[in-house]
Structures are given as C-alpha cells and as structure tokens.
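First up is the structure itself, then whatever we jot down about it.
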Amino acid sequence: MANEAPPRWDRRMQQRLAHGEAAALGELYDRFASLVHGLAHRVLGDEDGADRVTRDVFGHLWEHPEEYDPKDGPLRSWLASLTHRQAVTRLRLAASEGESHDESEGRTGSRELEERVRAASAAARADYIVSSMPAPLREALDLAYFHRLDCARAAASLGVTEDETRRRLRLGLQLLSTAHQGPRRSARAMAPPGAHAGSRR
C-alpha cells in the first residue's frame, strides 16, 4: 500500500548514514553486498566489473544517503535499481570504448549492445525477483523448475495440496513475468508438466 509507513529499519539506516555513521554502512554492506554483486555480475558477466560496481554503489550510498527516501520503498529495492543503472552504464561505456570507427559496424555493434543490455537486465531483474519473493513461492519454483518435479511430487515435498502448489507456482510465475521486456511469455506457457491440470477440472 502506498500510504503505509516505511519500514523502520530502512528509515533508521538512512538516518544513520545521513549522520555519517560508518558502522551503518558496514551493516548494509554485510546485508546487501552479495545481492549487489550478484546483480552487477548478471549484467556485466565480469567479476572485476561486478566488484567495481559493488564498490561504487556503496560508495554512492555513503556519499549521497539523502537520495534514498524510505517513503519510496525498501532500501533493498533502491540498491538493486542503483546497481542496475551503474552496471548498464559500465557495460555501455566498455562497449563504446571498444567500438569500431566504421559506421556500419558501429550500428551493428550498437544493436548487439542493446540486445545484450535488455537480456542482461531481464536476467538481473529475474534474479532479484526470485531472491525477494516469499519463501513458499520460491520453494515451489525451485522444486518445479530446478528439480523438475511435477505438481503431485512437489506438493508432497512441500507438505501442501496440489491446488496450493499450483497457486504458488502461478503467483511465482506472475512475479517473474515482470522481469521480461518486449513480448511477454505467459505464465501458462512457462508452467511445468501438470501445473494446469487443476484448471481443467
């Protein structure tokens, strides 16, 4: 809900950073560094680049804590957005530095870069969505897509009914669908074997 008060922890962290508390930055780094690094690496595909983006993101937060407003949403989401912007900027810069001076090759390189940016951005958003979604949804997706269990076996493993398993998969897929740009694949098309059996009853 837009009118809900911002989480107390996020608000307190922003206040501590604004007062120059280095310990607050350390706590944030311990809590979110793996998220930031993972998203940056997903976009760049480069360990050194992801390390640099991670340093830049936390350095930016330390120098400009006022840019984060808890009323706009969780600090986790704000950091993910900042990471994505900085990683894409770094990707574009690296591509422009290596781009050919030939005009036709330059146009081709630009198109390929935009495709890479879109694909990497969608993958990074998907990673973030999966890591942020409620554990029951994430567990259902993990069993269905990584362990390749059908609904009956996934339900038995989760200790819930098949209908509840289908509900969790449907909600998880709906969240994941927001990671894709352009023509969206429907949740129905992405569902594992047996996921829609209940809808035809």
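Read the figures in this text as sums done on the coordinates, not as results from a lab. In this text the structure is predicted, and so the values were computed from the model without any measurement. With ideal geometry, Cβ positions are generated from the backbone for all residues, glycine too; neighbour counts draw on all protein chains shown.
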Local charge sum around ALA24 (other residues, Cβ-Cβ under 9 Å, Lys/Arg +1, Asp/Glu -1)? 0
Counted charge near VAL53, where neighbours are those whose Cβ lies closer than 15 Å (Asp, Glu -1; Lys, Arg +1): 0
With unit charges on the beta carbon (Lys/Arg positive, Asp/Glu negative), name the residue among ALA40, ILE129, TRP9 whose Cα is farthest towards the positive pole of the charge dipole of the stretch 8-132. TRP9
